[in-house]
1. Between the stretch 161-208 and the stretch 107-129, what is the C-alpha centre distance in whole Å?
2. Could you size up the charge dipole of the stretch 1-121 around its Cα centre, putting +1 on the beta carbon of Lys and Arg and -1 on that of Asp and Glu, and report it in debye to the nearest 20?
3. In the stretch 28-75, if the dipole is taken from +1 on Lys/Arg beta carbons and -1 on Asp/Glu beta carbons about the Cα centre, which of A45, Q69, F28 is farthest to the positive end?
4. Let me know the number of lysine pairs in the stretch 2-201 closer than 30 Å at the Cα, not counting same-chain pairs under 8 apart.
5. If you build the Cα gyration tensor of the stretch 2-201 and take the root of 5 times each eigenvalue, what three semi-axes come out, in whole angstrom, biggest first?
6. Subtracting the Cα-Cα distance from 0.36 nm times the residue separation, let me have the gained length for A194 to N81 in nm, one decimal.
7. In a shell of Cβ-Cβ distance under 13 Å around S39, excluding S39 itself, what net charge do Lys and Arg (+1) and Asp and Glu (-1) give?
8. Report, in order of residue number, the helices in the chain meeting two criteria: a C-alpha extent of 24 Å or more along the helix axis, and a mean Kyte-Doolittle hydropathy of at least 0.5; treat each whole DSSP H run as one helix.
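A short reminder: the numbers here are calculations on the coordinates, not readings from a lab. This structure is a prediction, so every number in the text was calculated from the model and none was measured. All Cβ positions, even for glycine, are placed from backbone atoms using ideal geometry, and neighbour counts span all protein chains on display.
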Amino acid sequence: MNGSITAYGLWSLVFINSAVFIFFAFSFFKPKTKLDWRSMGAFSAFVVAMFTEMYGFPLTIYLLSGWLQSKFPETDIFGHNSGHLWHTIFGFKGDPHMNPIHILSNVLLLTGFVIIYRAWHALHAAQQEGRLATTGPYGVVRHPQYDGFLLIMAGFLFMWPTILTLAMFPVLVWVYIRLAGKEEQMVRAEFGEAYDEYARNVPGFLPK
């Protein structure tokens, strides 16, 4: 049980990890408008909630402790490795960071950050030239930056699922869809028919 004693209550790690991911997202996304800041705020809340359970207080593990102890009696459920719930539930052996689900989470995280980064460059170039952003990721979907944030959050769910983040995820999907709608109204007011033509040919969130 020694591992369980030091696995949580590490609030400095909660702060450091949250700050690092929020900083990277901020660097790629570079929020300017109120909509941008709302999107960034929603993402930040999700990240803080996840790292709080990962290193601070394992609320999900406590709530599921009865079921976990009966299902996996030989497992130290309060050890940090057991916090990788998919690793425990599916009976993976060895380093939990090397199981297929955790590797998938890393792929989703990396893909999300790359999409946000490329989308920001395409959007910044279009804004500098006073034109509609239709190149790069914007040639595939109309809201690639929101897709990037959703991929990152999905990656975190595969990495470290918690009751709170699982509950937050569909709410954040709804928030991003609403923000995307408001963003489209603003862009349509600026570019008119050009945006309508673009919207007819490029889907909102899911590539053709």
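1. Distance between centres, Cα-based: 15 Å.
2. My answer is approximately 560 debye.
3. The one lying farthest along the dipole's positive direction is F28.
4. Close lysine pairs found across the stretch 2-201: 4.
5. Taking √(5λ) for each eigenvalue gives 38, 15, 14 Å, largest first.
6. Length gained, A194 through N81: 35.5 nm.
7. Net of charged neighbours comes to +3.
8. Taking the DSSP H segments of the chain (at least 24 Å long, mean hydropathy at least 0.5), we get 11-29, 34-51, 100-129, 163-191.
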